[in-house]
1. Of the conditions (1) closer than 30 Å to B:Arg70 by Cβ; (2) at the interface with chain B (Cβ under 8 Å from one of its Cβ atoms); (3) of a type outside the set (S, T, N, Q); (4) assigned to a helix (DSSP H, G or I), A:Ile112 clears all except one; give me its number.
2. Restricting to helices (runs of 4 or more DSSP H) lying wholly in segment A:49-93: which have 2 or more residues that are among the acidic types (Asp, Glu) and surrounded by fewer than 23 Cβ atoms within 10 Å (Cβ to Cβ)?
3. With respect to the numbered conditions (1) modelled with pLDDT of 90 or more; (2) farther than 28 Å from A:Gly22 by Cβ, which one is the sole condition not fulfilled by B:Ser224?
4. Of the residues in segment A:78-92, how many are more than 7 Å from chain B (Cβ to nearest Cβ) and under 12 Å from B:Gly81 (Cα atoms)?
5. Are any residues in segment A:9-32 free of Cβ contacts under 8 Å to residues at least 24 places away in the same chain, hydrophobic (A, V, I, L, M, F, W, C) and part of a loop (DSSP other than H, G, I, E, B), and if so, which ones?
6. Could you list all residues from segment B:110-135 that are part of a loop (DSSP other than H, G, I, E, B) and more than 8 Å from every other protein chain (Cβ to nearest Cβ)?
7. Find the residue count for segment B:68-109, including only residues that are surrounded by 23 or more Cβ atoms within 10 Å (Cβ to Cβ) and in a loop (DSSP other than H, G, I, E, B).
8. Quick one: in segment B:177-204, which of the residues that are assigned to a strand (DSSP E or B) and among the β-branched types (Val, Ile, Thr) is surrounded by the fewest Cβ atoms within 10 Å (Cβ to Cβ)?
Amino acid sequence: MTGHGEEAPVSSELVRSYVITGGRRLPSADDLSLHTLVTLAPDRELPLGASPEVRRIWDLCAGGYLAVAEVAAHLGLPVGVARLLLTDLAEQGHLLRRAAPPPAQAADRALIEKVLHGLQTRFA
Amino acid sequence: MALRKQNDDLRTSRDGLHGECQRLHMEYAALRSQQAHALEEVRRDSEAETKDVLKSWMRTLQVLADEQQRSISDLAQQKYGNDPQMLADLMTIDHTNGQFGRRAQGIAALCGGWLGRRETTASVYDVARSAQGRIKHFDRVQIHTQVNVSVTSTAVEPVAVVLAELLDNATNYSAPGTPVEINIQAVPTGICLIIDDAGLGMSQEEKDRAAALLSPETSVSITSLGNPPRVGFAVAGVLATRYGFKVSVDSVSPYGGVRAVILLPESLLTNEAPEPAADAAAFADTGRPATGPRSAPMPAPVQIIGTTPGGLPKRRRRPAVAVVPEPYAQEPEPEHDGEVTASRIGAFARGTLLGRNTTTTEGSQDQ
């Protein structure tokens, strides 16, 4: 060994994301938005030769609905890359997806108070 | 009589001169060899000096390339991940940077320098994919493996660099568009990575050159690699010798091109599974990933009930309400407690209904 000094550590990611996508075109952000929820369709078999990333998605999504953003964060991948893998799985029928339910609307407090008031005067 | 004497004298002096001539010849030869020695020493010194300088130069470039790759990853994950065009552009830059980093590593290796140390083991499949990412035509490479084994942390970079050099040769010396295959197989003494291309193969002269460079006995002089230098086999030879694995390129691929083989001995392999990249560290203390798109609201921490064989946290199936992000959420005001409760119950009811519906049908609620 001829090197002197300490060997510098390498900390960049080993597998680059363009290798994971195979250089394919990334799907548009509208296809599966950050908030879209995905889960594994029932009774599905992991495709043969699935990549480690697909296998991890499989494990993650077996537990119920997860948001696309959440899947990407768990994988440690950019959302666009996770979206491509999820789109593949959805196209093969392995994934169910649906839009996030809209945030609950706050009920009209005045109306509820009126109803309550009405009930009290009617029955009390 | 006088003539005979003269003749004898001349003969003696001729013999003397002959002897003198021979002595001078020998002296000359000795001087020549001495000079050659001195020259050789000077060359060796200057080569060593050049290598030393290049090595420390490359070290700076290697560190910069690594730093750059990390910044690109951060940008892709935390800032522009949701924008397909921006992400694609970042990937192009990343790809170029990956090739640049490999070149710097190659020169460093030839100069006896370090490649950089990985902290963790990696599956041989990921090492192959890492190598794939370091060449220009990575999209022509196909990896087939049945082997589920990891490479020790010290061997990750050298194996990836050597494989990348062989893939670079394979893609450059075969027709554009033809695939280059990596087959990973277990053999009694370790594992084999077999790289097949569909090129024209190598001439006998090229094979001899490759065999010489890949032999552990050869010490490579950086000035002997031509200009522009052909470093692939030289880098492969140096690293294989240093880290104790074997590289050969003397067979023919099933497609008529070159078959290159890397043989990794047991000592560079481990069954220890690599840690899953994102989760392992992030989950340890916070219960959810620390990295991720900042713009994406994260759901509340979820109870983890175990670990999958792959080391991922297992979580309980839960109603959809648990993961509904609240992009418009405002600070709840204390006096609105009633409203908040009502809306939560409403959302819960809607969520469970939705959840029950979509587990059996797909389509109607698709976005």
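The values are calculated or read from the model by the stated rules, or taken from the named source; none is laboratory data. Owing to the predicted nature of the structure, the values given are computational and were not obtained by experimental measurement. Note that we place each Cβ from the backbone using ideal geometry, even for glycine, and neighbour counts take in every protein chain shown.
1. Of (1) closer than 30 Å to B:Arg70 by Cβ; (2) at the interface with chain B (Cβ under 8 Å from one of its Cβ atoms); (3) of a type outside the set (S, T, N, Q); (4) assigned to a helix (DSSP H, G or I), only one is false for A:Ile112: (1).
2. Those helices (runs of 4 or more DSSP H) span A:52-61, A:79-91.
3. Going through (1) modelled with pLDDT of 90 or more; (2) farther than 28 Å from A:Gly22 by Cβ one by one, B:Ser224 breaks only (1).
4. Here is the first cut: in segment A:78-92, the residues more than 7 Å from chain B (Cβ to nearest Cβ) are A:81-92.
Right, trim to under 12 Å from B:Gly81 (Cα atoms) and you get A:81-84.
Residues flagged as more than 7 Å from chain B (Cβ to nearest Cβ) and under 12 Å from B:Gly81 (Cα atoms) within segment A:78-92 amount to 4.
5. If the condition is that a residue be free of Cβ contacts under 8 Å to residues at least 24 places away in the same chain, hydrophobic (A, V, I, L, M, F, W, C) and part of a loop (DSSP other than H, G, I, E, B), then A:Val10, A:Leu14, A:Val15 are the ones that fit.
6. Kept after step one, since they are part of a loop (DSSP other than H, G, I, E, B), are these residues of segment B:110-135: B:111-116, B:118-121, B:133-135.
Residues satisfying the conditions are B:Cys111, B:Thr120, B:Thr121, B:Arg134, B:Ile135.
7. Qualifying residue count, segment B:68-109: 1.
8. To start, the set of residues in segment B:177-204 that are assigned to a strand (DSSP E or B) comprises B:180-187, B:190-196.
In the following step, the residues that additionally are among the β-branched types (Val, Ile, Thr) were identified as B:180, B:182, B:184, B:187, B:191, B:194-195.
Values: B:Val180: 29, B:Ile182: 25, B:Ile184: 21, B:Val187: 12, B:Ile191: 20, B:Ile194: 17, B:Ile195: 24.
This residue is B:Val187.
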